[in-house]
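I have placed the structure first, in the form of structure tokens, so that the comments after it can refer back to it.
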Amino acid sequence: MEQGNYLEMANSMWMWLAAGLAVAVVLFQAFIFARKSYSTGLEIGLTRTQMNDAIKSSVITSIGPSFVILSALLALLVSLGGPLSWMRLSFIGSAMFEMMAASFGTQAVGVTIGSDPMTHVAFANATWTMALGSIGWIVFATLAADKMDKVQQKFSGSDTALMSVIASAAVLAAFGGNSASHLIALNKNTVSCIGGGVIMLILSPLADKRNIKWLKEWSLFFALLGGMLIAVAWPF
Amino acid sequence: MNENTYEKIYLPYIIKWGRRTNWLGVLLSFGPAFMLAVVFGVVPPFTAILNGFIAIASAVGVVWFVEPISYFPIIGVSGTYMAFISGNIGNLRIPCAMVAQKIAGVEPGTKEGTIIATLGMAVSIVVNTVILTAGVAAGAQVLQQMPKPVVSALQLLLPALFGAIFTQFAIKKLTLAPIVLVISILVALGVRAKVIPGFASILGVVFLSIAIGVFLYKKGMVK
């Protein structure tokens, strides 16, 4: 009945206001945490150079993944409008989650994103589903953050080497798990995953051994780009 | 005195403000739904909201617990507050935290590591917001003119990122990494064959890997 109209609502000032407030909280938190971390870092013996280098490397590292997220924004924009897509990808969720939540939300009122025309109610239900589906992370993380610290302290005491082994094992498992699903897919994703790994295997020791600072900062970026290009060029 | 600054001043500050901002974030995530209801009078039927919630909760419910636990050892208390309010964790926050730690020459899981990870993640939040804001300002029309091959090629960045980060850590833990990789692949195959339930599997691999890591460390086989 009122199809098409929902985008006026979805792109209205009010939605920008709601989205802007949420993004502002994320930025505010990042700002106060960074400020406190910088000053505490100086007090516990980190140097300005160490911290400034960390900041610079993080800018470089953010660029590649941010463009992947931007391409997800493009996919969401069409059906969810600007404000909601922009908010959802700067706040709590991730590209894959938001697509899934949006389609579950509209399906609950019988609208399939992409094939059926979106209705006001379907759009509203998508916003509800995305909100309800994502607060689980933040609620659990917020309740558990300080408790997990106590558990970790108790478990490893002041043994920093053990702490580092635990952290490395967790990272290896998390990213090994993510890689494994691409590795067994045996398609372009597999090529990209192996490509990224091999480039890192070459660049990382090279940068460390010769102490080439710019290469340390850019090696992940090169691994991403190289892995992607090899996969694009791969003949299947 | 160093000890005191981190434990007695830094952590309490982070916990106090982390809780405040994150609870506010929970509230504000309902902002769009609230606007639609109050300004436009659009409220879905309760059953539709419930069905949407049940569908998404059964798909990702386990991940609500898996991710905070798995990533905690790398990013610490402050990083945990930040990562889960800003999202895009595995594909952006964690890589930034880790590269920052590597460049600064600090170990994850230490005080220094937590502080550097926090700086790295804060920067990634700013960069990501700037790029997305520029993107959304450029508008759908401009973005949609991005050629299809470019869009599909961008999707191939992610597997490369996972492979590269795994390798970066594997280089430092040559004994542990192959074991974890083999377990991960076996579990992934198990999930594909529907022998192992999907999301529970990641947490299983994380705990198993930590257990093996600690065991090898105690035996002196991993440093």
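The values are calculated or read from the model by the stated rules, or taken from the named source; none is laboratory data. Predicted model, so just to flag it, every value in this text is computed and none were measured. Here the Cβ positions follow ideal geometry from the backbone for every residue, glycine too, while neighbour counts run over all protein chains shown.
All of (1) small (Gly, Ala, Ser); (2) under 23 Å from the mean Cα position of the chain (by Cα); (3) under 19 Å from A:Leu225 (Cβ atoms) hold for A:Ala167 with one exception: (3). Picking from residues in the stretch A:41-63 that are surrounded by 24 or more Cβ atoms within 10 Å (Cβ to Cβ) and of a type outside the set (A, V, I, L, M), the one that is farthest from the chain's Cα centre (by Cα) is A:Gly41. Of the helices (runs of 4 or more DSSP H) that lie entirely inside the stretch B:1-92, those containing 3 or more residues that are more than 7 Å from chain A (Cβ to nearest Cβ) and buried (at least 16 other Cβ atoms within 10 Å of the Cβ) span B:46-86. Scanning the stretch B:72-104 for residues that are touching a helix residue (DSSP H, G or I) at 6+ places or on another chain (Cβ under 7 Å), among the small types (Gly, Ala, Ser) and at pLDDT below 90 yields B:Gly76, B:Gly90. Among the conditions (1) more than 9 Å from every other protein chain (Cβ to nearest Cβ); (2) free of Cβ contacts under 8 Å to residues at least 24 places away in the same chain; (3) surrounded by 15 or more Cβ atoms within 10 Å (Cβ to Cβ); (4) not hydrophobic (A, V, I, L, M, F, W, C), A:Asn11 misses just one, which is (2). Of all the numbered requirements in (1) free of Cβ contacts under 8 Å to residues at least 40 places away in the same chain; (2) under 21 Å from B:Ala100 (Cβ atoms); (3) more than 23 Å from the chain's Cα centre (by Cα), A:Met200 misses one, and that requirement is (3). Against the test of being under 27 Å from B:Tyr81 (Cα atoms), at pLDDT below 90 and crowded, with 22+ Cβ neighbours inside 10 Å, the options B:Leu203, B:Leu161 yield a single qualifying residue, B:Leu161. Tell me which of these B:Leu154 doesn't satisfy, since it passes every other one: (1) within 7 Å of another protein chain (Cβ to nearest Cβ); (2) crowded, with 24+ Cβ neighbours inside 10 Å. Answer for B:Leu154: the failing condition is (2).
Filtered by the rule that a residue be among the hydrophobic types (A, V, I, L, M, F, W, C) and within 25 Å of B:Ile202 (Cβ to Cβ), the stretch A:200-235 gives A:Met200, A:Leu201, A:Leu220, A:Ala223, A:Leu224, A:Met228, A:Ala231. Of all residues in the stretch A:58-79, those that are at negative phi and assigned to a helix (DSSP H, G or I) have Cβ atoms under 6 Å from Cβ atoms of residues that are buried (at least 22 other Cβ atoms within 10 Å of the Cβ) and at pLDDT below 80, 6 or more apart or on another chain, in A:Ile69/A:Ala95; A:Ala72/A:Ala95. In the stretch A:135-155, is there at least one residue being under 30 Å from B:Tyr13 (Cβ atoms), more than 8 Å from chain B (Cβ to nearest Cβ) and of a type in the set (Phe, Trp, Tyr)? Within the stretch A:135-155 (the criterion being under 30 Å from B:Tyr13 (Cβ atoms), more than 8 Å from chain B (Cβ to nearest Cβ) and of a type in the set (Phe, Trp, Tyr)), the answer is yes, since at least one residue qualifies. The listed residues are B:Ile69, B:Ile49, and the only one of them that is farther than 17 Å from A:Leu220 by Cβ, modelled with pLDDT of 85 or more and within 12 Å of the chain's Cα centre (by Cα) turns out to be B:Ile69. Does the stretch A:201-220 include one or more residues that are at pLDDT 90 or above, at negative phi, in a helix (DSSP H, G or I) and crowded, with 24+ Cβ neighbours inside 10 Å? Scanning the stretch A:201-220 turns up no residue that is at pLDDT 90 or above, at negative phi, in a helix (DSSP H, G or I) and crowded, with 24+ Cβ neighbours inside 10 Å. Please verify whether B:Gly109 is on the phi > 0 side of the Ramachandran plot, within 7 Å of another protein chain (Cβ to nearest Cβ) and either assigned to a loop (DSSP other than H, G, I, E, B) or buried (at least 24 other Cβ atoms within 10 Å of the Cβ) (or both), treating the condition exactly as stated. Yes; evaluated as a whole, the condition is true for this residue.
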